[in-house]
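The values are calculated or read from the model by the stated rules, or taken from the named source; none is laboratory data. As the structure is a prediction and not an experimental result, all values here were calculated from the model. Cβ: placed from backbone, ideal geometry, glycine included. Neighbour counts: every protein chain shown.
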Amino acid sequence: MSAVGRADRRAHGRGGPASRVSPRLLIALLGAVQIVSWGSLYYSFSLFVLPLQAEFGWSLTAMNGALTAALMVAGLCAYPVGALIDRHGGRRLMTAGALGAAVLLAGWSTVTSLTGFYLVWIGLGVCMSAVLYEPLFVVLTYHFREHATRAITALTLIAGFASTVFMPLIETLLAYWPWRTVALILAAFNLLCCVPVYAWLLPAPPAIGPTPAAAAPVPAAAHPPALRARLRDPVFCGLTLWFTAYSGTASGLMFQLVPYLKSFAVDNTSLLITVALVGPAQVAGRALLMLAGERGDPVKVGAITTALTPLAVLVLVLAPPALPWLALFAVTFGLANGITTILRGTVPAAWLGHAHFGKTMGLIAAPMMIAAALAPLATAAIWSASDNPQAMQWAVFAFALFGPAGYWLAVGARARRTPD
């Protein structure tokens, strides 16, 4: 029996939150509906821009502002969402989020004004905060406890195919149907796939108990639950800085990657290969971490991945814009991005403990989402002001350096208070 299976059996035996299906099937189904959530709520946006512009004549800046608003709202909702999961578990919350996404996507199909478009996406920002990775990481951490790393790794390994599945799917649907019909199809995906899984299969509200010693070497007393005390915790501050830098760097890079490469006259084939390599590299990184199992010490893994992200930016800026170098950038960035996604779901519990974990993840996720929302606007502003695409990438590199700084701050603070 797998580690997550044994964990689920033990949870059920002590009156904890056992799931209605086997652990492997649970993770597979949750991974599948995460593909739907990410594909319909995040990756879909850029594919609808041109059809919307053709019908309404809205500017690209005006339309992209709706996604920025959605991500900002998702960041502001992250802490309340975490607090709700701490108190009530994730089943009702994530079911409501998926149902709300279905209703709002259907509502999007009726939009006739820019104001209505913004209102829909602001509402979808609330739904994102309830159905994307962070709330599910909290649910899995409470459910699988010390075996959560394997569960989260398996989940993200499956969900890593969201862009690979949904971007070609949506592009194909838009080739045959009007965008309003495609929005209704996305609503149906959320209603028929996500809502039933969250409503019937998500583990029941957690039985929060003492954190196992193996998962939290620091005594619980070192992490008082008060919000102010958490904000003063150098381990928490370091983790927040690390993951915020990662989120802003990834968003700034990916949103500007195609325009950046086009500014250097990179041929279309090389451009498409570069973009296409990022997704498989992410999945490969997660697969490597899964194969490593218990040998994947998060301290060592974190040291490597925090170095890889700024290194990838350096390759992009300094190397010639030829396919071999662009492929090296894509693989390096993809590996770091894929592994960091897992670490942001597992390291906070291991280094800060499970007490009030939903609130803790909410506090970490809020600046992450805000950085992801603002990075495309900031990078575009720097490019426009300097008229130099490399100046933009140097700014991204400078921001990426905050990732290693935050990581080593957390590692150092944890080492100082962990008994030898």
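Whether a residue is surrounded by fewer than 21 Cβ atoms within 10 Å (Cβ to Cβ), at negative phi and in contact with a Gly (Cβ under 7 Å, 6 or more places away or on another chain) was assessed, and Leu409 passes this test. Of the numbered criteria (1) at pLDDT 90 or above; (2) within 23 Å of Met368 (Cβ to Cβ); (3) not hydrophobic (A, V, I, L, M, F, W, C), the one Tyr176 fails is (2). If the condition is being surrounded by fewer than 24 Cβ atoms within 10 Å (Cβ to Cβ), part of a helix (DSSP H, G or I), touching a residue at least 40 places away in the same chain (Cβ under 8 Å) and not hydrophobic (A, V, I, L, M, F, W, C), then the stretch 307-329 contributes only Pro310.
Against the test of being part of a helix (DSSP H, G or I), over 21 Å from Arg232 (Cα atoms) and polar (S, T, N, Q), the options Thr360, Thr341 yield a single qualifying residue, Thr341.
The single condition among (1) part of a helix (DSSP H, G or I); (2) under 25 Å from Leu277 (Cα atoms); (3) out of contact with any Ser or Thr (no Cβ under 8 Å at 6 or more places or on another chain) that Ala371 does not satisfy is (3).
Would you say Gly302 is within 14 Å of Leu239 (Cβ to Cβ), outside the structural domain of Gly90 (by TED's automatic domain parsing), of a type outside the set (Val, Ile, Thr) and surrounded by fewer than 24 Cβ atoms within 10 Å (Cβ to Cβ)? Yes.
Scanning the stretch 174-192 for residues that are among the aromatic types (Phe, Trp, Tyr) and either crowded, with 22+ Cβ neighbours inside 10 Å or within 28 Å of the chain's Cα centre (by Cα) (or both) turns up Trp179, Phe189. As a summary of the residue check, Val81 satisfies the conditions (1) under 13 Å from Trp121 (Cβ atoms); (2) buried (at least 22 other Cβ atoms within 10 Å of the Cβ) except for the one numbered (1). For Phe357, all conditions in the list (1) over 21 Å from His147 (Cβ atoms); (2) surrounded by 20 or more Cβ atoms within 10 Å (Cβ to Cβ); (3) aromatic (Phe, Trp, Tyr) hold save one; what is the number of the exception? Evaluating Phe357 over (1) over 21 Å from His147 (Cβ atoms); (2) surrounded by 20 or more Cβ atoms within 10 Å (Cβ to Cβ); (3) aromatic (Phe, Trp, Tyr) leaves (1) as the failure.
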